[in-house]
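Engineer: The following block contains the structure, expressed as structure tokens.
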Amino acid sequence: MSSFLAIAGVSSTLRSLLRDRMQNAVDVTIAPPDVALPGMTGQRVNLYLYKVSENPYLKNQEIPGHGHPGDFGRPPLSLELHYIMTAYGSADTNPDADLQAQQLLADAMQVFHEFPIVTDSLHQGDNPLAPVILDASLLGEFEKVKIALEPTKFEELSNVWTALPQANFRRSVTYQVSVVQIESTLPRRSALPVRVRQVNVFPLRTPKITSIRREPPFPAVEGAIAEAGDTIVIEGYNLAGAGVNVVVAGFVIPIPTPQDTRITVALPAAIPSGVHALTVSRDLLLPVPSGPPVAHRGFSSNAMPLLVAPRFGGVAPDPAAPGDLLTVNVTANVTALQSRILLVGDFAIEGEAVAPDAPPSGTVTFRLPTGFHRIPAGTYFVRLRIDGAESRLDFNPATGLYTGPNLTLS
């Protein structure tokens, strides 16, 4: 099992590989490149882990062969390590110091090029009896240590050196080592064993909604418009079956006896005003070895818009004067986050502010404007608009005229 020792194990493995395979036997250190190491003189190669990134392709994948196949929920942390490899000559004041460093750098790069994958079978000196080069914390892992030269622009290397406390620029190259996996120490969830294996086949009869209307329709109003508590008729096809539900505004309404082309359902009294998507879903009743069939999520119809209009319940005071606070009764309750507008004739008045955590209320308050914005005296039709849905005006079919509700302003 790969543990938190894996990152340091990769650094140790790279050092062992260089020490064993470089043609020039020099010291290989693992330290910040700008630090002067006490007692360390002469030529050397330094490895510095300057960046660690997560491998996005293995983020949610389990390690093959680790744990039970039915366990889930604790994928390993898959990392990619980025190193700067820097070569140092015998002395900075030596006329050939940089030349020596270039030879060491090429020597180390040749090793990484010839051994891009470090496996469990790679021994020191190619002697099967000698210790393996791979660190003990990485033995037996599914993902191998893979070394790749990482193209890096001069500006990126300069940024790394500049970020160090003492910027002594050296000839360097960068390498990426992947993939290093650290397994979680938390227990994984294990599913119960399967007792019965079965295949269930159902005909594909997806419900389809073609229209929605109120029953009976509002006078002089067409379309999918209703109020809370009203009965609506859903027309379409493939609507019949077992476990049929109408889903609207978060409410799931069971339909005991649906017809194949028509469903009649009463809207909940607590459904909020506004435009909602309505769908018809049909559960699948799957048999079980013992007991009644169990409902599972099955087919769902297309979504159709339904406008739930607020029901105007009166306004007080009436008559009213500029500056008065109007209280409007409404069904169903209005939540604090819904927009509230009172339409007085052609004039729109914003609702009074309420606290975001205020409970739903059956009353909404409005302040009549004063001064330059005051509404002229007279009698006006009033409508309440909640989340874009407006309350209905009373209609006289005989005359074809609206009759109310009204508000008189003095």
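The values are calculated or read from the model by the stated rules, or taken from the named source; none is laboratory data. From a predicted model like this one, the values you see are computed outputs, not experimental measurements. A quick note on method: Cβ atoms are made from the backbone with ideal geometry, for glycine too, and the neighbour counts reach across all protein chains shown.
Engineer: Only one residue in Gly388, Gly404 is at pLDDT below 90 and under 37 Å from the mean Cα position of the chain (by Cα). Which one?
Structural biologist: Sole residue among the options that is at pLDDT below 90 and under 37 Å from the mean Cα position of the chain (by Cα): Gly388.
Engineer: Could you look through the stretch 93-109, keep only residues that are without any contact (Cβ under 8 Å) to a residue 24 or more places away in the chain and of a type outside the set (Gly, Ala, Ser), and pick out the one that is nearest to Ser16 (Cα to Cα)?
Structural biologist: Checked the stretch 93-109; the qualifying residue nearest to Ser16 (Cα to Cα) is Leu99.
Engineer: Answer with yes or no whether Thr162 is more than 28 Å from Leu58 (Cβ to Cβ) and β-branched (Val, Ile, Thr).
Structural biologist: Working: more than 28 Å from Leu58 (Cβ to Cβ): yes; β-branched (Val, Ile, Thr): yes.
Judged against the criteria, Thr162 is a match.
Engineer: Only one of Pro56, Pro64 is out of contact with any helix residue (DSSP H, G or I) (no Cβ under 9 Å at 6 or more places or on another chain) and at pLDDT 80 or above. Can you tell me which? First the steps, then the outcome.
Structural biologist: Values: Pro64 fails: at pLDDT 80 or above.
Just one listed residue meets the conditions, Pro56.
Engineer: May I pose another question? Limited to the stretch 365-410, what total is found for residues that are closer than 20 Å to Asn333 by Cβ, buried (at least 18 other Cβ atoms within 10 Å of the Cβ) and either not assigned by TED's automatic domain parsing to the domain that holds Leu343 or not acidic (Asp, Glu) (or both)? Break it down stepwise before answering.
Structural biologist: Taking the stretch 365-410 as the starting set, the residues that turn out to be closer than 20 Å to Asn333 by Cβ are 365-366, 382-392, 405.
Keeping just the survivors that are buried (at least 18 other Cβ atoms within 10 Å of the Cβ) gives 366, 382-387, 389, 391-392, 405.
Now restrict to residues that are either not assigned by TED's automatic domain parsing to the domain that holds Leu343 or not acidic (Asp, Glu) (or both): 366, 382-386, 389, 391-392, 405.
The total comes to 10.
Engineer: Any residue at all in the stretch 135-152 that is free of Cβ contacts under 8 Å to residues at least 24 places away in the same chain, in contact with a strand residue (DSSP E or B) (Cβ under 6 Å, 6 or more places away or on another chain) and either at positive phi or not in a loop (DSSP other than H, G, I, E, B) (or both)? Spell out how you get there, then give the answer.
Structural biologist: Filtering the stretch 135-152 for residues free of Cβ contacts under 8 Å to residues at least 24 places away in the same chain gives 139-140, 151-152.
Applying the additional criterion that residues be in contact with a strand residue (DSSP E or B) (Cβ under 6 Å, 6 or more places away or on another chain) yields 152.
Adding the requirement that they be either at positive phi or not in a loop (DSSP other than H, G, I, E, B) (or both) leaves none.
Checked the stretch 135-152: no residue is free of Cβ contacts under 8 Å to residues at least 24 places away in the same chain, in contact with a strand residue (DSSP E or B) (Cβ under 6 Å, 6 or more places away or on another chain) and either at positive phi or not in a loop (DSSP other than H, G, I, E, B) (or both).
Engineer: Looking at Pro219, Pro258, which one is closer than 14 Å to Phe299 by Cβ and either part of a loop (DSSP other than H, G, I, E, B) or over 33 Å from the mean Cα position of the chain (by Cα) (or both)?
Structural biologist: Pro258
Engineer: If you don't mind, there's one more thing I want to ask. State whether one or more residues within the stretch 272-282 are of a type in the set (Lys, Arg), under 18 Å from Asn302 (Cβ atoms) and modelled with pLDDT of 90 or more.
Structural biologist: no
Engineer: Restrict the check to the stretch 243-265 and report whether at least one residue is modelled with pLDDT under 85 and outside the structural domain of Leu342 (by TED's automatic domain parsing).
Structural biologist: Looking for residues that are modelled with pLDDT under 85 and outside the structural domain of Leu342 (by TED's automatic domain parsing), one finds at least one in the stretch 243-265, hence yes.
Engineer: Out of the residues in the stretch 113-134 that are small (Gly, Ala, Ser) and outside any helix (DSSP H, G or I), state the one that is surrounded by the most Cβ atoms within 10 Å (Cβ to Cβ).
Structural biologist: Going residue by residue through the stretch 113-134, those that are small (Gly, Ala, Ser) are 121, 125, 130.
Those left that are additionally outside any helix (DSSP H, G or I): 121, 130.
On the way: Ser121: 9, Ala130: 11.
If we take residues in the stretch 113-134 being small (Gly, Ala, Ser) and outside any helix (DSSP H, G or I), then Ala130 is surrounded by the most Cβ atoms within 10 Å (Cβ to Cβ).
Engineer: Would a scan of the stretch 148-159 turn up a residue that is modelled with pLDDT of 75 or more and among the acidic types (Asp, Glu)?
Structural biologist: Yes.
Engineer: So which of Tyr83, Tyr57 ends up being aromatic (Phe, Trp, Tyr) and under 30 Å from Ser190 (Cβ atoms)?
Structural biologist: Tyr57
Engineer: Might you let me know whether the stretch 175-185 holds any residue that is farther than 30 Å from Ser78 by Cα and of a type outside the set (Val, Ile, Thr)?
Structural biologist: no
Engineer: Mind telling me which of the residues Ala353, Ala336 ends up being free of Cβ contacts under 8 Å to residues at least 60 places away in the same chain, exposed (fewer than 13 other Cβ atoms within 10 Å of the Cβ) and over 21 Å from Gly404 (Cα atoms)?
Structural biologist: Ala353
Engineer: With respect to Gly9, determine if the residue is touching a residue at least 60 places away in the same chain (Cβ under 8 Å) and not aliphatic (A, V, I, L, M).
Structural biologist: yes
Engineer: I would also like to ask the following. Just name the residue that is surrounded by the fewest Cβ atoms within 10 Å (Cβ to Cβ) out of those in the stretch 222-255 that are of a type in the set (A, V, I, L, M, F, W, C) and in a loop (DSSP other than H, G, I, E, B).
Structural biologist: Initially, the stretch 222-255 is screened for residues of a type in the set (A, V, I, L, M, F, W, C), giving 224-226, 228, 232-234, 239-240, 242, 244, 246-249, 251-253, 255.
Going one step further and asking which of them are in a loop (DSSP other than H, G, I, E, B), we end up with 224, 228, 239-240, 242, 249.
Working: Ala224: 19, Ala228: 21, Leu239: 23, Ala240: 17, Ala242: 12, Ala249: 18.
Among those that are of a type in the set (A, V, I, L, M, F, W, C) and in a loop (DSSP other than H, G, I, E, B), it is Ala242.
Engineer: Before we move on, is Thr41 in contact with a helix residue (DSSP H, G or I) (Cβ under 7 Å, 6 or more places away or on another chain) and either under 24 Å from Ile182 (Cβ atoms) or hydroxyl-bearing (Ser, Thr, Tyr) (or both)?
Structural biologist: No: the conditions fail for Thr41.
Engineer: Residues being assigned to a loop (DSSP other than H, G, I, E, B), within 22 Å of Gln124 (Cβ to Cβ) and in contact (Cβ under 8 Å) with a residue 60 or more places away in the chain: count how many of those fall in the stretch 12-48.
Structural biologist: Selection size over the stretch 12-48: 5.
Engineer: Cβ contacts < 7 Å: first residue β-branched (Val, Ile, Thr), restricted to the stretch 202-219; second residue surrounded by 15 or more Cβ atoms within 10 Å (Cβ to Cβ) and part of a loop (DSSP other than H, G, I, E, B), any location; separation 6+ or different chain. Result?
Structural biologist: Partner pairs satisfying both residue conditions: Thr206/Asn238; Thr206/Ser301; Ile209/Ser301; Ile212/Ala224.
Engineer: In the stretch 176-207, which residues are surrounded by fewer than 16 Cβ atoms within 10 Å (Cβ to Cβ) and either of a type in the set (Phe, Trp, Tyr) or not in a loop (DSSP other than H, G, I, E, B) (or both)?
Structural biologist: Within the stretch 176-207, Arg189, Ser190, Phe202 qualify.
Engineer: Quick one: count up the residues across the stretch 129-164 that are more than 15 Å from Val179 (Cβ to Cβ) and charged (D, E, K, R).
Structural biologist: The number of residues fulfilling the criteria is 4.
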